Every structure is written in C-alpha cells, then in structure tokens.
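The values are calculated or read from the model by the stated rules, or taken from the named source; none is laboratory data. Owing to the predicted nature of the structure, the values given are computational and were not obtained by experimental measurement. Reconstructed Cβ throughout: ideal geometry from the backbone, glycine too, with neighbour counts over all protein chains shown.
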Amino acid sequence: MRIKPATVAVGFAALLIFAGFVALGVWQIHRRTWKLALIEQVDARAHAMPVAPPGPGARVTAANDAYRRVVVRGVFLNDSETLVRAATALGSGYWVMTPLRTRDMVVLVNRGYVSPEQRTAHARPQGEQTVTGYLRITEPGGGFLRRNDPARNAWYSRDVAAIARARGIQAAPYFIDADRVGESAPVGGLTVIAFPNNHLVYMLTWFALAGLTIVGFGVFVRQGRRKAAA
C-alpha cells in the first residue's frame with residue numbers, strides 16, 4: 001500500500017512531538033533526583049550541631065551553606081537596626097534585622113518577627129549575646145513586585161549588601177535567622193524550610209503526553225486506511 005504524503009508529514013510531526021515530550025520527561029527525572037539530594041543535604045545541615053559561621057572572605061553558596069546551623073557571639077548594633085516587610089504564620093509585620101559585631105566581623109541577624117504595633121517597641125539586647133540559628137542566603141532586589149528603596153528606608157527583602165550599604169557597615173554576605181529567645185518580641189524561630197517537589201507529577205505528565213501522541217498518530221493512520229478502503 002502506498003503511503004500518502006500527508007501520513008508521512010503527520011508521522012514526522014508526531015515523532016518530533018513524541019521526542020520532545022520524552023526529553024522533557026527525562027529532564028524531570030534528573031530534576032527530581034537533584035531536588036531529592038538537595039532536600040537530604042539541607043535536612044542534614046538543619047539538624048546538625050551548630051558550628052561557627054563562615055568568616056570574612058569565605059565563599060558562601062546556597063548549595064553548600066543554606067540552612068546550616070550556626071552559633072556566634074557578639075554585640076548587637078541596635079542603632080543600625082533595619083525593619084524588613086514580612087508575611088509569617090503570625091501575620092504581616094516586619095523582620096528585625098540587626099547587625100551583630102563579633103570578634104572578627106559583622107553579620108546581620110534576623111532577630112525575628114514584630115507586628116506593625118511593635119516596630120518601635122520591642123526588645124533590644126545590650127552587651128554580649130550568643131546567637132544560634134540558621135545561615136541564610138541574601139535576598140537581593142526586593143519582594144514580589146516591590147523593590148527595596150533604601151532612600152525611603154523601605155525594605156521588602158533581606159538584601160544583605162544593600163542593607164549594609166545603607167547602614168554604612170561591612171557585613172558578611174549572608175544573614176542568620178535567630179532561634180526564638182524568650183517570649184517577648186521579636187519572635188525568632190520562624191524559619192520555614194520547605195522545597196516544592198512536583199517533579200514526579202511533571203515527569204508522569206510529559207510521558208503520558210508522549211504516549212498520547214503515539215495513540216493519536218495511530219488513530220490518524222487507522223482512519224486514513226478506513227477512508228481508503230471505503
């Protein structure tokens with residue numbers, strides 16, 4: 001039986017579409033493997049004993065350092081405090097970002113959440129303090145649809161470099177989410193460690209579409225044969 005040019009063209013298109021869907025499915029397999037490894041690494045860091053944070057000049061990356069448990073001693077520079085807009089389980093308010101001067105560096109500490117009513121009336125520890133928490137990676141730029149505006153002292157993300165420039169200090173390129181200390185504001189310990197992992201669903205979707213492409217081409221060929229035989 002002579003194969004019609006239209007069948008060849010549709011078959012070639014179906015093959016390309018099938019290959020594309022399969023490639024996307026395989027890509028999601030690799031993405032899922034990477035995500036599971038990342039979750040395992042972060043979980044191990046987050047439940048390890050606290051260690052000293054990276055010192056001045058250390059190279060800090062999300063892949064190697066995010067959510068590492070750290071402990072550090074120093075004195076809070078309360079006059080350089082910065083309030084950053086926050087949406088938390090306790091409601092909308094602010095993160096209190098305060099520089100901590102240690103023996104060899106300054107590091108920004110997210111001391112926790114305060115409500116709008118507490119933005120000026122919250123605890124400011126004096127003297128040397130011990131801070132335990134999670135190492136966090138800087139959040140440059142701003143929040144969703146809102147850019148940080150240092151000139152107006154309006155902050156929507158915890159952008160370490162920008163906050164340090166605005167306060168005239170040199171700080172480590174990361175910040176620390178402090179654990180909760182006491183019952184008064186700021187309320188620490190609100191770090192959310194969660195990574196969306198929908199790659200299995202995406203993988204099955206792409207492979208299902210690849211299968212449907214073959215089925216669709218088979219239906220097309222069968223209908224063509226029926227018309228030719230009629």
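From the list A194, A210, A185, which one is part of a loop (DSSP other than H, G, I, E, B) and in contact (Cβ under 8 Å) with a residue 24 or more places away in the chain?
Numbers: A194 fails: in contact (Cβ under 8 Å) with a residue 24 or more places away in the chain; A210 fails: part of a loop (DSSP other than H, G, I, E, B).
Among A194, A210, A185, only A185 is part of a loop (DSSP other than H, G, I, E, B) and in contact (Cβ under 8 Å) with a residue 24 or more places away in the chain.
Going through the stretch 125-145 one residue at a time, which ones are under 25 Å from S92 (Cβ atoms), touching a residue at least 60 places away in the same chain (Cβ under 8 Å) and surrounded by fewer than 20 Cβ atoms within 10 Å (Cβ to Cβ)?
I137
Test of understanding: among R59, R2, R45, R32, which residue is over 23 Å from T132 (Cα atoms), modelled with pLDDT under 95, among the basic types (K, R) and under 23 Å from the mean Cα position of the chain (by Cα)?
R32
Give the residues of the stretch 107-137 that are over 11 Å from D177 (Cα atoms) and out of contact with any Gly (no Cβ under 8 Å at 6 or more places or on another chain), sorted by residue number.
E117, T120, A121, H122, R124, P125, Q126, G127, T130
Would you point out which residue out of V60, V10 is over 30 Å from V219 (Cα atoms) and β-branched (V, I, T)?
Result of the check over V60, V10: V60.
Residue-wise test of (1) more than 22 Å from V71 (Cβ to Cβ); (2) basic (K, R); (3) touching a His at 6+ places or on another chain (Cβ under 9 Å).
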| position | (1), (2), (3) |
| --- | --- |
| R147 | yes, yes, no |
| G168 | yes, no, no |
| A172 | no, no, no |
| F175 | no, no, no |
| I193 | no, no, no |
| T205 | yes, no, no |
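(1) over 16 Å from the mean Cα position of the chain (by Cα); (2) closer than 21 Å to N110 by Cα: which one isn't true of D65, the others all being true?
Among (1) over 16 Å from the mean Cα position of the chain (by Cα); (2) closer than 21 Å to N110 by Cα, D65 violates only (1).
Go through the stretch 158-174 residue by residue and tally those that are farther than 19 Å from G188 by Cβ and in a helix (DSSP H, G or I).
The number of residues fulfilling the criteria is 6.
This table checks each residue for (1) within 17 Å of T191 (Cβ to Cβ); (2) within 19 Å of the chain's Cα centre (by Cα); (3) of a type in the set (V, I, T).
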residue	(1), (2), (3)
R101	no, no, no
V109	yes, yes, yes
Q118	no, no, no
A123	no, no, no
G133	yes, yes, no
E139	yes, yes, no
R146	no, yes, no
D149	no, no, no
Y156	no, yes, no
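For residues in the stretch 191-230 being of a type in the set (V, I, T) and within 26 Å of A37 (Cβ to Cβ), which is farthest from the chain's Cα centre (by Cα)?
Among those that are of a type in the set (V, I, T) and within 26 Å of A37 (Cβ to Cβ), it is T205.
When the residues of the stretch 213-230 are narrowed to those that are hydrophobic (A, V, I, L, M, F, W, C) and in a helix (DSSP H, G or I), which ends up farthest from Q28 (Cα to Cα)?
A229
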